[in-house]
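Student: Mind looking over this structure? Questions follow.
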Amino acid sequence: MSDLSTEPPPDATASSSHAAARPGSPLRPGTPPRAGDLAAMRQALSVAERALVTGDVPVGALVLDASGNELSRACNEREASGDPTAHAEVLALRRAAAALGAWRLAGCTLVVTLEPCTMCAGALVLARVDRVVFGAWDPKAGAAGSLWDVVRDRRLNHRPEVLGGVLEEPCAELLDRFFAAHR
Ligand SMILES: [Zn+2]
């Protein structure tokens, strides 16, 4: 359902140049991409689309272990569950911790289609994930390099690596279509 025709080829960097090409893009795109980031983001996009069934904002997240194997996946379920904290990232972190039998997700990567908000940025710092990879920037509420940078705040004792703008266009288009239809 999502139109992935505009995505960059697999060897494209995810990238400051891409982010910088969009007006208003933030200045902190983060660390270089790794093998598997694009494939994981495609999965997160397909998870995001499930949120549409319940009228939830289409955001999807995966947690990968240190070897790149998927531990969990979740879409935003605020409407589905009536829970203000049921963001895709929080649900994916909870499920990953349940799968591992431990709250500490050291070595793991959180992949999410939208820049995390303050709550989710706080949650992924508390979960001690190594990396966060996200798709669309969120200049109005993002806390991983645009409005705030909670995940790289030097006052915190754990700072994950951050990579923003991976498959940014299809991630943003999915959200834009949702909000256009709900306006
Ligand atoms: Zn959030």
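The values are calculated or read from the model by the stated rules, or taken from the named source; none is laboratory data. None of the values given here were measured: they were computed from a predicted structure. Don't worry about glycine lacking a Cβ; one is built from the backbone with ideal geometry, like all the others, and counts go over all protein chains shown.
Student: Go through the residues of the range 155-167 one by one and say whether even a single one is within 14 Å of the ligand (Cβ to nearest atom), under 25 Å from G68 (Cβ atoms) and part of a loop (DSSP other than H, G, I, E, B). Give the steps one after another, and end with the answer.
Tutor: Looking only at the range 155-167, we keep the residues that are within 14 Å of the ligand (Cβ to nearest atom), and these are none.
No, the range 155-167 contains no residue that is within 14 Å of the ligand (Cβ to nearest atom), under 25 Å from G68 (Cβ atoms) and part of a loop (DSSP other than H, G, I, E, B).
Student: Against the definition (of a type in the set (D, E, K, R), without any contact (Cβ under 8 Å) to a residue 60 or more places away in the chain and touching a helix residue (DSSP H, G or I) at 6+ places or on another chain (Cβ under 7 Å)), how does R159 come out, yes or no? Please lay out each step first, then the result.
Tutor: Working: of a type in the set (D, E, K, R): yes; without any contact (Cβ under 8 Å) to a residue 60 or more places away in the chain: yes; touching a helix residue (DSSP H, G or I) at 6+ places or on another chain (Cβ under 7 Å): yes.
Against the criterion (of a type in the set (D, E, K, R), without any contact (Cβ under 8 Å) to a residue 60 or more places away in the chain and touching a helix residue (DSSP H, G or I) at 6+ places or on another chain (Cβ under 7 Å)), R159 qualifies.
Student: Using the structure shown, decide if D138 is acidic (D, E), at pLDDT 95 or above and within 11 Å of the ligand (Cβ to nearest atom). Walk me through how you get there before you give the answer.
Tutor: Numbers: acidic (D, E): yes; at pLDDT 95 or above: yes; within 11 Å of the ligand (Cβ to nearest atom): yes.
Spelling it out, D138 is indeed acidic (D, E), at pLDDT 95 or above and within 11 Å of the ligand (Cβ to nearest atom).
Student: Something else now. Residues that are more than 15 Å from the ligand (Cβ to nearest atom) and within 16 Å of the chain's Cα centre (by Cα): list the strands (runs of 3 or more DSSP E) wholly contained in the range 39-134 that include at least 3 such residues. Lay out the reasoning, then the answer.
Tutor: Values: elements: 60-64, 70-75, 109-114.
Qualifying strands (runs of 3 or more DSSP E): 70-75.
Student: What is the residue count in the range 115-131 for residues that are in contact with a Gly (Cβ under 7 Å, 6 or more places away or on another chain) and of a type in the set (K, R)?
Tutor: The qualifying residues number 0.
Student: Of the residues that make up the range 68-75, is at least one under 20 Å from Q43 (Cα atoms), polar (S, T, N, Q) and surrounded by fewer than 21 Cβ atoms within 10 Å (Cβ to Cβ)? Full working, then the answer.
Tutor: Of the residues in the range 68-75, the ones under 20 Å from Q43 (Cα atoms) are 68-75.
Filter once more, so that each one left must be polar (S, T, N, Q): 69, 72.
This time we only want the ones that are surrounded by fewer than 21 Cβ atoms within 10 Å (Cβ to Cβ), so: 69.
Yes, the range 68-75 has at least one match.
Student: Filter the range 118-167 down to residues that are surrounded by 18 or more Cβ atoms within 10 Å (Cβ to Cβ), out of contact with any Lys or Arg (no Cβ under 9 Å at 6 or more places or on another chain) and among the charged types (D, E, K, R), then give me how many there are.
Tutor: 1
Student: Shifting gears a bit: Starting from the range 87-114, keep only residues that are over 25 Å from S146 (Cα atoms), then list their pairs with residues that are part of a helix (DSSP H, G or I) whose Cβ atoms are within a distance under 7 Å, requiring at least 6 positions of separation or different chains.
Tutor: Final answer for the pair search is W103/A97.
Student: Yes or no: S16 at pLDDT 95 or above, polar (S, T, N, Q) and out of contact with any Asp or Glu (no Cβ under 9 Å at 6 or more places or on another chain)?
Tutor: Numbers: at pLDDT 95 or above: no; polar (S, T, N, Q): yes; out of contact with any Asp or Glu (no Cβ under 9 Å at 6 or more places or on another chain): yes.
No: the conditions fail for S16.
Student: With the structure loaded, tell me whether S67 is among the polar types (S, T, N, Q), free of Cβ contacts under 8 Å to residues at least 12 places away in the same chain and out of contact with any Lys or Arg (no Cβ under 7 Å at 6 or more places or on another chain) or whether it fails that test.
Tutor: Working: among the polar types (S, T, N, Q): yes; free of Cβ contacts under 8 Å to residues at least 12 places away in the same chain: yes; out of contact with any Lys or Arg (no Cβ under 7 Å at 6 or more places or on another chain): yes.
Here the answer is yes, as S67 does meet what is asked.
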